[in-house]
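Quick notes on the structure that follows.
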Amino acid sequence: MQVLQNAPLAPLTTLRLGGPARRLVTATTDEEVVAAVREADAAGEPLLVLGGGSNLVIGDAGFDGTVLRIATRGFALDGTRLELAAGEVWADAVARTVEEGLAGIEFLAGIPGSAGATPVQNVGAYGQEVAETVTEVVAYDRRAGETVTLANAECDFSYRHSRFKADPHRYVVLRVRFALEDAAGQSSPVKYAEVARTLGVEAGERVDLATAADTVLKLRAGKGMVLDPEDHDTWSAGSFFTNPVLTAEQYAAFAARLDGLTAPAFPAPEGCTKTSAAWLIDKAGFTKGYGTGPATLSTKHTLALTNRGSATTEDLLALAREVRDGVRAAFGVELVNEPVMVGVAL
Ligand SMILES: Cc1cc2nc3c(=O)[nH]c(=O)nc-3n(C[C@H](O)[C@H](O)[C@H](O)COP(=O)(O)OP(=O)(O)OC[C@H]3O[C@@H](n4cnc5c(N)ncnc54)[C@H](O)[C@@H]3O)c2cc1C
């Protein structure tokens, strides 16, 4: 277990933003993770769990407590059953399952961050989300002071949400178990229209597994959604806002303000409608590359707020507030941030 005092956090985040941690602990085994959490909890010390730092906005003042960096490793495949240690690099694990000919997480190729963070916001993209394949999450329960195994149904997964996100200080994920599918080298059925179009197939068809993952990687790269240290469009936390899910009443009020425009609309649970945050941002006048300061919208995707190299967290938040307020003024829809805020708020 490595312990550093007053350690910079910005290099550990994909936004390259945020002040230092008073204490930075790097744990490489589950036992070290649990010991570090127990120690911080016993001392009443604030604790921030850090994976790949790809979904975090850390304030310029940093974190006055212990940041626990999860650096555990473990990729164990037994037939179609996969167990990943929380610190495994997610994109590498996906690539390995594709090499092994297993379907189930191939459309989540190229998503940055750690395996342990994937259940936290029920990571999803291109018509797939981890809730579809996660069977169990092994986590240290800080309230009970013991390691627990939660079945999928106990994780309360929904769109970019879970029990772990709802109760952020309770669980530290140690291991994630998945049930994948051996579809004889074929992918899961294609669900996402853009992927189906690119592959020249109908939604619901299966395609070659490696082709499915490659197609997603190319689509993501075109939107600056695959990490590239040379490309400031990827110095982001991915999508900065979640897609708004509107009740029937909210949707009717929104539709009344569209003034001849046709907004994307997808059915969501409980009679709700999901629309597109990227579309709202663009139509509210914040087009790709918007901004003149050190934080701007990505030149490839309106939904990514980026650090052009010299931004502070306050610069990024000023841009985020401008976009959120502009969308509210134009459409009456409230955008909600997807990344986790540490020591700051929108
Ligand atoms: C370029 C880019 C593209 C992206 N594309 C997508 C996408 O397509 N779909 C998507 O869903 N997300 C996407 N994201 C967001 C991000 O990659 C995911 O949310 C990812 O799962 C975060 O993992 P992480 O390890 O970096 O988490 P971190 O940023 O380190 O942490 C995020 C949150 O999870 C908590 N956490 C981390 N590890 C654990 C653990 N072991 N136990 C308990 N809590 C933990 C942290 O405390 C924090 O609250 C993208 C991000 C970037 C930068």
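Defining a contact as two alpha carbons under 8 Å apart and six or more residues distant in sequence, what relative contact order in percent does segment 154-227 show? Display every interim value, and only then the final one.
Values: 48 pairs, mean separation 14.7, N = 74.
For segment 154-227, the relative contact order is 20 percent.
Counting only other residues whose beta carbon sits under 14 Å from that of Ile281, what net charge do I get with K and R as +1, D and E as -1? Around Ile281, the charge tally is +2. Projected onto their three principal axes, the Cα atoms of the chain cover extents of 59, 51, 41 Å, largest first. Of interest is the spacing of the C-alpha centroids, which for segment 288-332 and segment 98-155 amounts to 29 Å. Take every Cα pair under 8 Å whose residues are at least 6 apart in sequence, average their separation, divide by the length of segment 70-207, and the relative contact order is 26 percent. For the chain, relative contact order (Cα pairs under 8 Å, six or more residues apart, normalised by length) works out to 16 percent. Among Thr211, Ala144, Tyr192, whose Cα sits farthest toward the positive end of the charge dipole of the chain (+1 at Cβ of Lys/Arg, -1 at Cβ of Asp/Glu, about the Cα centre)? With unit charges placed on the Cβ atoms, the residue in question is Tyr192. Counting pairs of Cα atoms in segment 190-258, how many percent are more than 16 Å apart? The calculated P(r) of segment 190-258 puts 64 percent of pairs beyond 16 Å.
Between Val201 and Glu39, the modelled label-to-label distance comes to 4.9 nm, taking each label 7 Å out from Cα in the direction of the beta carbon.
Taking amide H as placed 1.01 Å from N in the peptide plane, Val49 has its amide H under 5 Å from the amide H of Leu68, each at least 5 places away in sequence or on another chain. A 1.4 Å probe run over the chain, with the rest of the protein chains in place, finds 43 Å² accessible per residue.
If the only charges are +1 at each Lys and Arg Cβ and -1 at each Asp and Glu Cβ, what is the size of the charge dipole of segment 107-166 around the Cα centre, to the nearest 20 debye? It would help to have the intermediate numbers written out before the result.
Working: 5 positive and 7 negative charges, 51 e Å.
Magnitude of the dipole: close to 240 debye.
Evaluating 6.51 cos²θ - 1.76 cosθ + 1.60 at θ = phi - 60° for every residue in segment 201-217, the Karplus couplings come out as 10, 8, 4, x, 7, 9, 10, 4, 4, 5, 5, 4, 5, 4, 5, 5, 4 Hz, glycine and proline recorded as x. Under 5 Å from the amide H of Thr299 lie the amide H atoms of Gly289, each residue being 5 or more positions distant or on a separate chain, with H modelled from the backbone and absent for Pro and chain starts. Given in Å, the Rg to one decimal and the Dmax to the nearest whole number for the Cα atoms of segment 66-125 are 11.5, 40.
Assuming charge only on the beta carbon of Lys and Arg (+1) and of Asp and Glu (-1), the dipole of the chain about its Cα centre is about 740 debye to the nearest 20. Around the Cα centre of segment 245-310, unit charges on the Cβ atoms of Lys, Arg, Asp and Glu (plus for the first two, minus for the last two) sum to a dipole of about 340 debye. Within a straight-line Cα-Cα reach of under 20 Å, Lys191 can be paired with the following aspartates and glutamates, leaving aside sequence neighbours fewer than 8 residues apart in one chain: Glu106, Glu129, Glu132, Glu181, Asp182, Glu202, Glu205, Asp208, Asp214.
Rg/Rh, computed from the Cα trace of segment 177-295 with Rh as the Kirkwood radius, has the value 1.03.
Divide by every residue of the chain the summed helix terms, -39500 (n - 2.57) for each DSSP H run of at least 4, and state the resulting mean residue ellipticity at 222 nm, rounded to the nearest 500 deg cm²/dmol. Display every interim value, and only then the final one.
Working: 8 runs with 82 residues, N = 346.
The helix contribution divided over the chain gives -7000 deg cm²/dmol.
With r defined as the distance between the Cβ atoms of Thr29 and Ala330 and R0 fixed at 45 Å, what FRET efficiency is calculated, to the nearest 0.05? Display every interim value, and only then the final one.
Details: r = 50 Å, r/R0 = 1.12.
So, using R0 = 45 Å, E works out to roughly 0.35.
Across the options Gln5, Tyr251, Phe331, the greatest Cα extent toward the positive end of the charge dipole of the chain (unit charges at beta carbon of Lys, Arg, Asp, Glu) belongs to Phe331. Run through the DSSP bridge list for the chain and note the antiparallel percent, rounded to the nearest 5. Beta bridges within the chain, antiparallel portion: roughly 75 percent.
Extending 7 Å from Cα along the Cβ direction at Asp64 and again at Thr299 yields two label points whose distance is 4.1 nm.
Over all pairs of different C-alpha atoms in segment 5-140, the reciprocal of the mean inverse distance, the Kirkwood hydrodynamic radius, equals 15.8 Å. In order along segment 324-329, the Karplus-derived 3J(HN,Hα) couplings, from 6.51 cos²θ - 1.76 cosθ + 1.60 at θ = phi - 60°, round to 4, 5, x, 5, 4, 5 Hz, and Gly and Pro are given as x.
Roughly to the nearest percent, how much of the accessible area of the chain is carbon and sulfur, given a 1.4 Å probe? All intermediate terms of the calculation are to be shown ahead of the outcome.
Working: 7600 of 14930 Å².
Carbon and sulfur: 51 percent of the exposed surface of the chain.
A cut-off of 5 Å between modelled amide H atoms, ignoring neighbours fewer than 5 places along the same chain, links Leu174 with Val138, Ala139, Tyr140. Along the axis of the charge dipole computed for segment 252-300 (Cβ charges of +1 for Lys and Arg, -1 for Asp and Glu, origin at the Cα centre), the listed residues Ala268, Leu297, Ala278 are led at the positive end by Leu297.
The values are calculated or read from the model by the stated rules, or taken from the named source; none is laboratory data. Computed from a prediction, not measured in an experiment: that's the story for all the values here. Virtual Cβ from ideal backbone geometry, glycine too; neighbours counted across all protein chains shown. The protein model used for the area step is the full one, side chains on, heavy atoms only, and it has no ligands, DNA or RNA in it. Shrake-Rupley method; radii C 1.70, N 1.55, O 1.52, S 1.80 Å.
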